Amino acid sequence: MTRIDRRTLLVGATGLVLTACGGGSGPDTKATSGPNIVKPNAGTVVTAEDTAALREKLGAAFRSGDVEQLLALIDPESFAIEDVRKRWTRRFENFDRLGFVTGEWYVGTPTGRTRNGAGGEVEYRGDLVFAHQVEGCDAQQVVESYSAEFRKQSEDAPLELMHLGDAEAAFDPSIWDVADVDAIETEHAWIVFRGKDAARAKRFAPRIEDGAKRAFDLMPRPKGVEKVFYSLTWNDVDGKLYGGVAVGDADAHAYYHPFLDPEELATGQKATTDVSGLPRATGRVGMHESAFDRPDFTDVACHEAVHVLANQWYSGSTAAWVTEGLAVWGERGGPANMARDGARIRSAFGEFERTAVIGREGFYDSPRRSDFYACAGAVYAYLEDSGGRKAVFGTAEKYYAGDESVNEAEGAVDDDTAKLLAATRSWLNA
Ligand SMILES: [Zn+2]
């Protein structure tokens, strides 16, 4: 997983992700002719009551914070049982220390393999979903799915969990899976850190708060969001946490978390949760060790918070220049960016227009990457100058919510984008 592109989560959003395991379905429910009455529930069938009962037991185990309660629900013969113990021991300890993470399990029934018409045992594979929510940061639940195996031994037997496997790589790991962590709360931020980074977290908390506050003062506030989640990360995990994009040498990351419907995911379908008025995605910030040497540390904290708050418009794929330009514009303000970087923006803008707006590689992998960041910020400075913040956010939302063909057409940009870039170029006198 060198590159957990945000796209991988949503491409084929309605595709089935279950591993096929065949069998399991009985003589079935085909429409019959004649007087034959087929009892639709004959044999062993996994019902909604069965999944609800298992879900309730898993929920009680989570709320207890006791890993033994969770383990008691899994077949002790499962080869992965020690991995489950390790993962959830750490999670329960971290959630207990943090105190602001709630969670819930979802059990679904994939269609077609959860019945044995002859009345014997039913066994099948499916996805078990754990969804969590960080208080104040996530307006909706953030999902992760696990491969799992289920069994119902007879018509009247309960649904059992035989095996709880790995979390799907695109959803894993979170910061609380890779270290024992603690947190500091400020008005606009949760700051999460390892024990060894506690002094640094405390020292930098006021600047992180400043950066987050500036982003909240600037951006349209996503409903239900009052804080940004910052982690102090380190080399081994930089760019590798849930939702990370591989910009290896960045000093900080905003990790994207699109909101997928946990109930749909538990049946194997990746469908977005699109509750009107609520953000479509959330995010976490990773502040890398190198960020703490930067004189503009507060700007970096603000830049990443802008990324997170802009996820409210997120639809699955947004061009790099759109997201980075908004964050660059937001971190210091358009006029300050232009005053500092005007000359290099003018010299790089032609190349930016030709290469950087097409695809993520042209932007992030270029030796002129930092010039392109500045150029992208200039597009928003132009929008603000010509139409105020309304134009800035209206344009950003249009791009964020648009589809990939508009944002990243192969080898070309659409007409509106071409016009916007040309207008920015003449505004710049570039
Ligand atoms: Zn950025």
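The values are calculated or read from the model by the stated rules, or taken from the named source; none is laboratory data. Keep in mind that this is a model prediction, so the values were computed, not measured. Don't worry about glycine lacking a Cβ; one is built from the backbone with ideal geometry, like all the others, and counts go over all protein chains shown.
For the range 311-332, which positions are near the ligand (Cβ under 10 Å from one of its atoms) and aliphatic (A, V, I, L, M)? Listed by number, the residues that qualify are 320, 326, 327, 328.
Inspection of the range 105-114 finds a residue satisfying the criterion of being under 30 Å from residue 182 (Cβ atoms) and either in contact with a strand residue (DSSP E or B) (Cβ under 9 Å, 6 or more places away or on another chain) or assigned by TED's automatic domain parsing to the domain that holds residue 273 (or both). Note on the range 115-150: among residues that are out of contact with any strand residue (DSSP E or B) (no Cβ under 6 Å at 6 or more places or on another chain) and modelled with pLDDT of 95 or more, the one that is surrounded by the most Cβ atoms within 10 Å (Cβ to Cβ) is 140.
Quick one: would you say residue 250 is crowded, with 23+ Cβ neighbours inside 10 Å and within 14 Å of the ligand (Cβ to nearest atom)? Considered against the rule, which asks whether it is crowded, with 23+ Cβ neighbours inside 10 Å and within 14 Å of the ligand (Cβ to nearest atom), residue 250 comes out as no.
How many residues does the range 166-194 contain that are in a strand (DSSP E or B) and closer than 14 Å to residue 87 by Cβ? Step through it out loud before you land on a result.
First, pick out the residues of the range 166-194 that are in a strand (DSSP E or B): 166-167, 181-185, 189-194.
From what is left, the residues that are closer than 14 Å to residue 87 by Cβ are 166-167.
Adding up the residues that qualify gives 2.
Please give the number of the condition residue 352 fails out of (1) aromatic (Phe, Trp, Tyr); (2) within 16 Å of the ligand (Cβ to nearest atom); (3) closer than 19 Å to residue 314 by Cβ. It is condition (3) that residue 352 fails. Residues of the range 204-242 that are farther than 15 Å from residue 309 by Cβ and part of a loop (DSSP other than H, G, I, E, B): 233, 234, 235, 236, 237, 238, 239, 240, 241, 242.
Among the residues of the range 256-271, some residue qualifies, meaning at least one is within 13 Å of the ligand (Cβ to nearest atom) and assigned by TED's automatic domain parsing to the domain that holds residue 235. If only residues of the range 76-114 that are at pLDDT below 95 and among the hydroxyl-bearing types (Ser, Thr, Tyr) are counted, the one that is surrounded by the most Cβ atoms within 10 Å (Cβ to Cβ) is 114.
Starting from residues that are outside any helix (DSSP H, G or I) and more than 16 Å from the ligand (Cβ to nearest atom), keep the ones in the range 358-367 and report whichever is modelled with the highest pLDDT. Don't jump to the end; show me each part of the working.
First, the residues of the range 358-367 that are outside any helix (DSSP H, G or I): 358, 365-367.
Retained after the next criterion (residues that are more than 16 Å from the ligand (Cβ to nearest atom)): 358, 367.
Details: 358: 78, 367: 92.
The extreme case among them is 367.
Matching residues to (1) on the phi > 0 side of the Ramachandran plot; (2) small (Gly, Ala, Ser); (3) under 22 Å from the mean Cα position of the chain (by Cα):
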| site | (1), (2), (3) |
| --- | --- |
| 159 | no, no, no |
| 169 | no, yes, yes |
| 173 | no, no, yes |
| 180 | no, no, yes |
| 190 | no, no, yes |
| 199 | no, yes, no |
